[in-house]
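Student: Following this message is one structure expressed as structure tokens.
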Amino acid sequence: LHYESASEQSTFKGLMSGLGCFLLIGVLLLVIVATTAVHFGVPLADYWPHALLALLLAFLSLQMLRLAFPAEKV
């Protein structure tokens, strides 16, 4: 790890792992807030699983950017 040279691919992997950790923490907070909102009868609170699915699919689609824009051979 300490002797790894900086590259576009390693930067992308580091960024995606950081976003993945942030997403997991955000999902946990979303579930807590959403279940509390459902308990108190907030309108549209029953649709939180759909919002969660959209968030996770958006993150997974960002992972595909690496395949859509391959690195140039040097």
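Student: Residues of the range 36-72 being among the charged types (D, E, K, R) and in contact (Cβ under 8 Å) with a residue 12 or more places away in the chain, which ones?
Tutor: Arg66
Student: Give the residues of the range 14-35 that are open to solvent by 60 Å² or more (accessible area, probe 1.4 Å) and either farther than 25 Å from Glu4 by Cβ or in contact with a His (Cβ under 9 Å, 6 or more places away or on another chain) (or both), sorted by residue number.
Tutor: Scanning the range 14-35 gives Ile25, Leu28, Leu29, Ile32, Val33, Thr35.
Student: Consider only pairs whose beta carbons are under 7 Å apart and that are at least six residues apart or on different chains; among these, list those whose first residue lies in the range 8-35 and is within 14 Å of Pro49 (Cβ to Cβ) and whose second residue is open to solvent by less than 90 Å² (accessible area, probe 1.4 Å) and at pLDDT below 90.
Tutor: Matching pairs, first to second residue: Val27/Leu52; Leu30/Trp48; Leu30/Leu52; Ala34/Ala45; Ala34/Trp48.
Student: Could you list, in sequence order, the residues of the range 1-16 that are part of a helix (DSSP H, G or I) and over 9 Å from the mean Cα position of the chain (by Cα)?
Tutor: Scanning the range 1-16 gives Glu8, Gln9, Ser10, Thr11, Phe12, Lys13, Gly14, Leu15.
The values are calculated or read from the model by the stated rules, or taken from the named source; none is laboratory data. Computed from a predicted structure; not experimentally measured. Counting neighbours? That spans all protein chains shown, and the Cβs are built from the backbone with ideal geometry, glycine included. Heads up: the accessible areas ignore ligands, DNA and RNA and are worked out on the full protein's heavy atoms, side chains in. Shrake-Rupley method; radii C 1.70, N 1.55, O 1.52, S 1.80 Å.
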